[in-house]
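Read through the structure below, which is laid out as structure tokens, and then see the notes.
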Amino acid sequence: MTVLEPLAAGRLRLRNRIVMAPMTRSRAAGTEPTSQTATYYAQRASAGLIVTEGIQPSPVGQGYPFTPGLHSPQQVAGWRAVTDRVHEAGGTIVAQLMHTGRIGHPSTTEAVGHGRLTPVGPSAIRAAGQIFTPTGPQDHVEPEALTAEQIAATVADFAAAARNAVAAGFDGVEVHGANGYLLHQFLATNANRRTDAWGGTPENRIRMTLDVTRAVADAIGADRTGLRLSPANGLGDTVEDDHDTTYPLLVSELDRLGLAYLHLVEAGAPSLTPVLRRAWSGALILNPATGDPSEHPQRLARVAGGDADAVSFGRLYIANPDLVTRLATGAELAEPDLSTAYGGDHRGYTDYPTLTGALPAH
């Protein structure tokens, strides 16, 4: 098996096994994608699968400035222009739905006209550290603990956003259950101190992820629904004392749903990868634990070795819109300028050339 072979993942048909990982780029106009967004993703359409930047399913789910949503007609129309461009270029693209939970700030939602919304989480426990806001870095605030009724409404928000994704022309949806955001917060033993049906035991703490994923699958079909997990990676001030128990349990339950794929970030607990691989009968996309970007091409061997069905790349896709060609030919890889990774204009976004030196119009 090689990364250049096609892959069937539920209803998705990937023309190769090199996946563009989701990356926040903070270039939305308010909360809507722009023509630059369409150019950016269309440039990278040779990927077997594009997973978009995190898209908030509701106003309170927004954690960072200039990130897009999928909860208004204007946002749906904006994303339709993106998916049309990607499909015209022969690509496959899914929307990653990302509710940031307690990783947010009232000034961010206020700046886009939604008022000063207090971030929410499983418990009223403030995350350590700061978050970037429209006025610069600020300390995280104490989140509002979700009530049972609010949990049900949040699950419904994910399902509605998934339906909007299909209306916008996406080939599917990836639910973000990783990197310290809302669903990961429910899994974390330090962020989730609930004593009801969503807290305490691993069986209870996995419930929110299962409920959201099931609702999305029911809304658009399990065969075009994926989920991203990142056991024990510590992002967002998350601690998972029992990740070696929680994640095999979660993946075994998820396996019953018939999802299109599982997207696993192994940076926090690489030893769990073979365990979860055995518990999962569907397609597995792996974001392997390789630190230095110069080592990232080694990820291709994980497909040949059978550890995963596909591998994803983040940082390399910023600077290499034709990453598939470069990896297939062993060509030199460009390094991104991370000072232009977030916000700004086309510079550091759509102006990275291909091997031929081509630069699409901005």
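For segment 119-220, what percent of Cα pairs sit more than 15 Å apart? Numbers along the way, then the final one.
Values: 3327 of 5151 pairs.
Roughly 65 percent, rounded to a whole number.
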| message | Please report the accessible area of residue 281 (heavy atoms, 1.4 Å probe, ligands and nucleic acids excluded) in Å², nearest 10. | response | 100
| task | Starting from the exponent 0.38 and prefactor 2.2 Å, build the expected Rg for the chain from its residue count and divide its actual Cα Rg by it. | result | 0.92
| At 4 °C and 1.567 mPa s, what whole-number value in µm²/s does Stokes-Einstein give for the translational diffusion of segment 245-331, with Rh from the Kirkwood sum over Cα pairs? | 93
| How far is it, in nm, from the label point at residue 138 to the one at residue 89 when both lie 7 Å from their Cα along the line to the Cβ? | 3.6
| field | Projected area, mean over directions - segment 77-147, Cα convex hull, nm² | value | 6.7
| request: List the longest stretch of the chain that has no exposed loop site; here a site is one of the trypsin sites (Lys or Arg not before Pro) assigned by DSSP to anything other than H, G, I, E or B, with at most 14 other Cβ within 10 Å. | output: 194-346
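Taking a probe of 1.4 Å, how large is the accessible area per residue of segment 240-362, in Å²? Before the final figure, lay out the partial values.
Values: 5340 Å² over 123 residues.
Result: 43 Å² of accessible area for each residue.
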| note | So the carbon and sulfur contribution to the accessible area of the chain, 1.4 Å probe, in percent, is 52
| remark: On each of the three principal axes the extent of the alpha-carbon atoms of segment 262-309, given in whole Å and largest first, is 31, 22, 14
| request: With a length cut of 18 Å (Cα positions projected on each helix's long axis) and a Kyte-Doolittle mean of at least 0.0, go through the chain and give me the DSSP H helices that pass. | output: 148-167, 207-220
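In deg cm²/dmol and to the nearest 500, what is the mean residue ellipticity at 222 nm of the chain if only DSSP H runs of at least 4 residues count, each as -39500 (n - 2.57), divided by the residue total? Walk me through the numbers on the way to the answer.
Numbers: 12 runs with 111 residues, N = 362.
It comes out at -8500 deg cm²/dmol, rounded to the nearest 500.
Please compute the Kirkwood hydrodynamic radius over segment 1-95, one decimal place, Å, based on all pairs of different Cα atoms.
Values: mean 1/r = 0.0728 Å⁻¹.
Taking the inverse mean of 1/r over all distinct Cα pairs, segment 1-95 comes out at 13.7 Å.
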| Ignoring ligands, DNA and RNA, how do 208, 23 rank by accessible area with a 1.4 Å probe, largest first? | 23, 208
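Which chymotrypsin sites (Phe, Trp or Tyr not before Pro) in segment 279-362 pass both tests, a DSSP loop state and at most 11 other beta-carbon atoms within 10 Å?
On the way: sites: 280, 313, 317, 342, 349; in loops: 280, 342, 349.
In loop regions of segment 279-362 (DSSP not H, G, I, E or B), there are no sparsely surrounded chymotrypsin sites (Phe, Trp or Tyr not before Pro).
Sort segment 11-163 into rounded, prolate or oblate with this rule: let a ≥ b ≥ c be the square roots of the eigenvalues of the Cα gyration tensor; rounded if a/c is under 1.5, and if a/c is not under 1.5, prolate when a/b is larger than b/c, oblate otherwise. Don't skip to the end; give the middle numbers.
Values: a/c = 2.02, a/b = 1.75, b/c = 1.16.
Prolate, since a/c reaches 1.5 and a/b exceeds b/c.
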| task | Could you state the accessible area per residue of segment 1-102 in Å², with a 1.4 Å probe and every protein chain left in place? | result | 29
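The values are calculated or read from the model by the stated rules, or taken from the named source; none is laboratory data. Remember, it's a predicted structure, so these values are computed and weren't measured experimentally. Counting neighbours? That spans all protein chains shown, and the Cβs are built from the backbone with ideal geometry, glycine included. All accessible areas refer to the heavy atoms of the entire protein, side chains included, with ligands and DNA or RNA removed. Shrake-Rupley method; radii C 1.70, N 1.55, O 1.52, S 1.80 Å.
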